[in-house]
1. For the chain, which span is the longest to avoid every loop-located (per DSSP) member of chymotrypsin sites (Phe, Trp or Tyr not before Pro) having at most 11 other Cβ atoms inside 10 Å?
2. Please give the helix 324-342 orientation as an angle from the longest Cα principal axis of the chain, in degrees from 0 to 90, rounded to the nearest 10.
3. Which shape class applies to region 167-236: rounded if a/c is under 1.5, otherwise prolate when a/b exceeds b/c and oblate if not, where a ≥ b ≥ c are the square roots of the Cα gyration tensor eigenvalues?
4. Can you tell me, using C-alpha contacts under 8 Å and at least 6 residues apart, the relative contact order of the chain as a whole percent?
5. Taking a temperature of 25 °C and a viscosity of 0.890 mPa s, what whole-number D in µm²/s does Stokes-Einstein yield for region 1-81 with Rh from Kirkwood over alpha carbon pairs?
6. Excluding Val37 itself, what net charge comes from residues whose Cβ is under 10 Å from its Cβ, given Lys and Arg +1 and Asp and Glu -1?
7. Would you please state the base-10 log of I(q)/I(0) at q = 0.09, 0.11 1/Å for region 106-315, with intensities from the Debye formula using one equal scatterer on every alpha carbon?
8. Obtain the radius of gyration and the Kirkwood radius of the chain from its C-alpha atoms and give Rg over Rh.
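Laboratory data are not the source of any read-out in this text; all were calculated from the coordinates shown. In this text, all values refer to a predicted model and were calculated from it rather than measured experimentally. Every residue, glycine among them, receives a Cβ derived from its backbone with ideal geometry; neighbour counts consider all protein chains shown.
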Amino acid sequence: MADKLKVVVCRDLGPDVMPLLLNNPQLDVVVWPHNKVCERKWLLENAQGASGILVMLSEKVDDELLDTAGPKLRVVSTMSVGYEHADLKALLTRGVRFGYTPDVLTDAVADLSVMLALMAGRNAKETTEIVQTGQWPNFVWSPFAFCGPQLSTITTDPSASALTPTTRTAGFIGFGRIAQATLARLVPFGFARCLYTGNQRTPQDPAADAALAAKFGVREVRRVELAELARESDAVFVLAPGGAATYHIVDEAFLKGMKKTAVLVNTARGTLVDSDALAKALHEGWLYGAGIDVVEGEPNVGLDHPLVKAPRCIVLPHIGSATNETRLGMATLAAKNLLAGLLGQEMPAELSTSR
């Protein structure tokens, strides 16, 4: 019988997924035994001679790891849609295939994006703190206490005898699958316009924009420059990839250009938003509020972090994909990518390492 293929798994993927690997007679599976980030020393020790490695965002896939694994390594699979932790050139040089988990988390992140927009606009930070710190009995109600901008399009016109509709504009920095899924969720709230920014290397396509407007049932879908997006949007959703091209794309200039009643939501990568600039913007009222699921430098975000201390800013600990269904789908896809790469088959979701 041929030697088994050694596989290193950097986190237990649970009872629904691990049998895909553990019950495969062709594999010798080594699993990090703790429910915490895999220690680098353990990973390097066990990677020697491995044919496949399954990692999380927390594991750096670099020359050191690949050299330690050696020439038997065929595939690295990550349980994430992001791949900033992997050196794609180093993988390409060694001919190692790379799997990731796109699409699976689209709906979960879109749901959370809308939730954060609602929480930011309804001042969930200060209002929940009143309850959690026992201050509600001492709170003095007043007609406009804690009022913020309504996400849906019905507003009160003092000169009219009834509620009147207004038009809401959604702005997207990045307009891929998650952004479009978020737009679909905003349409029932009455959003009628969609502005977005795109890759400058990709030419504008008004016909495609018109087709999307028809698909989502909105009046307009249009690609614009950042300044116009900031100026016109009632809610800005940051959903572009990370990397040097988008580093601090939301900076002081962008934030100063936003509506004072607008909210900013970031469910993409923390590096896209300048945390100090956003905190300053919230303190000085350049925009109304922010909902943040990702923070630059995470998880090193303590009570003294400027966004944690900023008013009207909801900060969540990167839970965009944290639904049972989504995490199970991601874990399953990561395992299937690993198996296909080991056996020389087509991977369900392979990222080209020539990027």
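1. Numbers: sites that count: Trp141, Phe144.
In short, 145-355.
2. 30
3. Numbers: a/c = 1.60, a/b = 1.21, b/c = 1.32.
It is oblate, given that a/c is not under 1.5 and a/b is not larger than b/c.
4. The value is 19 percent.
5. Values: Rh = 12.9 Å.
So the translational diffusion coefficient is about 191 µm²/s.
6. Summing Lys/Arg as +1 and Asp/Glu as -1 gives +1.
7. Listed by q, the Debye log ratios stand at -0.35, -0.52.
8. On the way: Rg = 23.1 Å, Rh = 22.3 Å.
Value, to two decimals: 1.03.
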